[in-house]
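**Q** Once you've had a glance at the structure underneath, I'll fire off some questions.
The values are calculated or read from the model by the stated rules, or taken from the named source; none is laboratory data. The structure presented is a predicted model; accordingly, all values stated were derived computationally and were not measured. Methodologically, a virtual Cβ is constructed for each residue, glycine included, from the backbone with ideal geometry; neighbour enumeration extends over all protein chains shown.
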């Protein structure tokens, strides 16, 4: 074989250096992948930064629609973006309508715009990729939509000026299913403390370890009553309100984790529900009364519920006093507080039923008898909605419909007290019973006039979160005193009926019952105030106005 042919054959079959060649190819591929990863990561980070710039620019533009372009560009530059930047603005209106798809809610070019869509374009640098593309950067683009909303926040329920510690402990022990023993100072600290809504919801997300982004998601999350109250304690503590925080913490421990806190039935954050945080400083504050917030969580978190309270030792002049309290759900799942610009969103109190049974010992002619006075109170829901607001004047007007109500002396079946789907009709009460005689009686006062009434809040009243009371048009003195004055009594001796008002027995019963009127009125007022409702009345409060503020909506 010729030498040249032999050399070629050996070269073709020689495998020396193959690994080096493969290694060179592999190294090139690895370097290429590394370069691609570096450039991809860099572009991703720059895109995220650009999204933040777009978000801030959109909010700035929405707050100043007359100078939207300048506001957006200035904000983008102030955010530290140093590269080339193009800002494009579209004004329009945004519909806060969840039945519409997200892309259909913004209507560009609409008259009287209240929203803006901002698109920002820039360049992200390439490091290794420029050797392939021949370019030192690649174009990136992001957009954001923000809507301006002049919003009013309002709630319904009493802001307590004074508290009976014994009654409050008895009621909250019944609601929590555990022992609550707070002092009047503790309750007053809660009643005097205001908590900012979004501070509370932020604390809730942390306290309940919620892996959610928006406030709506936080409200829909599975949270227990104890966790909801613990979040209140944490939020109060963060603001230095230590006594109120301690009281809320005690309620949280008493409530435990036995019942769910269905917070969507308490709060309607309006257009801010889709946000993960709310900016705007003091002007964006929506402040709530911590005591009312705690009570609302306890009262409504587990649907209609009934509480039996033994109040005998707490009421002077009464031998025994037992109360049954049933708290229903507000109609149509209406919230306790809302943030809205809509005239159709309604907040409501819960329908409430209260049954008191007072017992005293007989004396004189009535010495052998057991004397019992049953009082039944039914309070329908009060309601409030926004009628008008003026950001220029810093004031707002609410339309308020006080709840109808009935106050009666009569007996009911307490097992049916919490069945709000069925009406309860009090039967004549067996007020005095003895082996040889009995006295029955009945009295009632009904309140109507449920027409909507307007109540205006001045700027100072909005800032001071003043509570205003609206009464029914035919409000009478709905009290135990009024019922006793109108009480119709019937006596029966050995089965023989006696005439009304001309019997020594009915006169003796009336004399024995009269001293009960004042202490029973105090109990009625204290318990209904604690629940946040009043017979024939509705208490409303403006929690704040949000004017010229903006929120990201897409």
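**Q** All but one of (1) assigned to a helix (DSSP H, G or I); (2) closer than 30 Å to residue 277 by Cβ hold for residue 185; state the number of the condition that does not hold.
**A** (2)
**Q** Looking only at segment 535-548, filter to residues that are surrounded by fewer than 23 Cβ atoms within 10 Å (Cβ to Cβ) and at negative phi; which one of those is nearest to the chain's Cα centre (by Cα)?
**A** 543
**Q** Moving on to the next point. Across segment 381-426, which residue is farthest from residue 504 (Cα to Cα) among those that are in contact with a helix residue (DSSP H, G or I) (Cβ under 9 Å, 6 or more places away or on another chain) and assigned to a loop (DSSP other than H, G, I, E, B)?
**A** Checking each candidate, the answer is 393.
**Q** Take the residues of segment 91-124 that are closer than 30 Å to residue 40 by Cβ and surrounded by 15 or more Cβ atoms within 10 Å (Cβ to Cβ): which is modelled with the lowest pLDDT?
**A** 124
**Q** Here's a follow-up. Residues that are in contact (Cβ under 8 Å) with a residue 40 or more places away in the chain and over 38 Å from the mean Cα position of the chain (by Cα): does segment 108-122 have at least one?
**A** Within segment 108-122, one or more residues are in contact (Cβ under 8 Å) with a residue 40 or more places away in the chain and over 38 Å from the mean Cα position of the chain (by Cα).
**Q** Related question: Any chance segment 359-380 includes a residue that's farther than 22 Å from residue 521 by Cα and modelled with pLDDT of 85 or more?
**A** no
**Q** List the helices (runs of 4 or more DSSP H) that sit entirely inside segment 438-554 and contain at least 1 residues that are at pLDDT 75 or above and farther than 30 Å from residue 169 by Cα.
**A** Numbers: elements: 459-463, 480-485, 504-513, 517-531.
In segment 438-554, the matching helices (runs of 4 or more DSSP H) lie at 459-463, 480-485, 504-513.
**Q** Check residue 184 against each of (1) surrounded by 23 or more Cβ atoms within 10 Å (Cβ to Cβ); (2) at pLDDT 80 or above and name the one condition it does not meet.
**A** (1)
**Q** Within segment 239-261, take every residue that is free of Cβ contacts under 8 Å to residues at least 40 places away in the same chain and assigned to a loop (DSSP other than H, G, I, E, B) and give me the one that is surrounded by the most Cβ atoms within 10 Å (Cβ to Cβ).
**A** 257
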